[in-house]
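Data first, discussion second: the structure below is written as structure tokens.
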Amino acid sequence: MSPGQFVCRSAVHPKYVKEDVFDRSVLFGFAEDKKLGARVSSVTSLEISGGDEAVHTAGRMIAQKSNDREEANLKKNIQRDPDYQKRVFLYLGFYNLKSERVVEFSSDYYHVELNWRPEDGSEAHFQIEIFENTKPPTKAEGRSDRNLLITLLGDVLSGPILCPDAANNSELKALQQETLPRLGAR
């Protein structure tokens with residue numbers, strides 16, 4: 001990916017909120033990928049995808065997949081907890097950051113990479129990957145360092161670029177206004 005190009009992270013409600021408040025670290029949703037040996041977060045290339053509307057389309061698909069998984073797991077969740085309330089995932093927009101900003105962060109124990117990982121037929125799919133350096137951290141050092149890197153990544157986000165679907169949907173518009181803070185400048 002060339003310097004100056006943007007990668008985008010979809011804001012799917014309620015995935016990016018913690019205790020009903022926007023949380024940058026939760027927005028990235030880094031998950032462990034044992035095969036890669038890294039913590040990863042999916043992003044979309046703004047330029048390769050074809051622009052804002054294509055990123056919105058990808059975000060809508062992410063929300064739909066989350067809703068499909070929730071529906072598939074509903075019976076199992078209700079059996080474990082009779083008071084379980086089905087979650088509904090709503091795509092509200094995306095945040096972006098310049099690709100070169102992603103890879104400038106490293107720490108004593110970790111380094112960050114931005115790698116092209118086509119997925120589900122999308123050539124615009126990349127991953128932000130956090131790898132452990134050769135010096136292994138203690139559990140506490142590792143958690144602290146990862147949290148610092150995620151905070152630094154969150155600090156260079158800009159947006160949101162709001163999903164236009166909310167223009168005619170008062171519930172979506174209210175969620176956008178209540179939960180998506182303006183960050184940086186695009």
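Per-residue answers, yes or no, for (1) modelled with pLDDT under 85; (2) surrounded by fewer than 16 Cβ atoms within 10 Å (Cβ to Cβ); (3) touching a Ser or Thr at 6+ places or on another chain (Cβ under 9 Å):
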| position | (1), (2), (3) |
| --- | --- |
| 147 | no, yes, yes |
| 154 | no, no, yes |
| 157 | no, no, no |
| 161 | no, no, no |
| 179 | no, no, no |
TODO: For residue 100, work out the one condition from (1) of a type outside the set (Gly, Ala, Ser); (2) surrounded by fewer than 18 Cβ atoms within 10 Å (Cβ to Cβ); (3) free of Cβ contacts under 8 Å to residues at least 60 places away in the same chain it doesn't fulfil.
DONE: (3)
- [ ] Being buried (at least 21 other Cβ atoms within 10 Å of the Cβ) and under 9 Å from the mean Cα position of the chain (by Cα) is the filter; apply it to region 1-29 and report the residue that is nearest to residue 64 (Cα to Cα).
- [x] 12
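Here is a list: 185, 167. Which entry is at pLDDT below 85, open to solvent by 60 Å² or more (accessible area, probe 1.4 Å) and part of a helix (DSSP H, G or I)?
167
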Open item on the list: Please go through (1) under 24 Å from residue 144 (Cα atoms); (2) in contact with a strand residue (DSSP E or B) (Cβ under 6 Å, 6 or more places away or on another chain) for residue 124 and return the number of the only condition it doesn't satisfy.
Closed with: (1)
TODO: Please work out if residue 88 is over 24 Å from residue 50 (Cα atoms), within 18 Å of the chain's Cα centre (by Cα) and open to solvent by 40 Å² or more (accessible area, probe 1.4 Å).
DONE: yes
Task: Residue list for region 66-85, filter: open to solvent by 100 Å² or more (accessible area, probe 1.4 Å) and either farther than 18 Å from residue 20 by Cβ or among the hydrophobic types (A, V, I, L, M, F, W, C) (or both) - done: 69, 75, 76, 79, 80, 82, 83
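The values are calculated or read from the model by the stated rules, or taken from the named source; none is laboratory data. Note that the coordinates shown come from a computational prediction; the quantities given were computed from them, not determined experimentally. A quick note on method: Cβ atoms are made from the backbone with ideal geometry, for glycine too, and the neighbour counts reach across all protein chains shown. Just the protein is used for accessible areas: all its heavy atoms, side chains included, with ligands, DNA and RNA removed. Shrake-Rupley method; radii C 1.70, N 1.55, O 1.52, S 1.80 Å.
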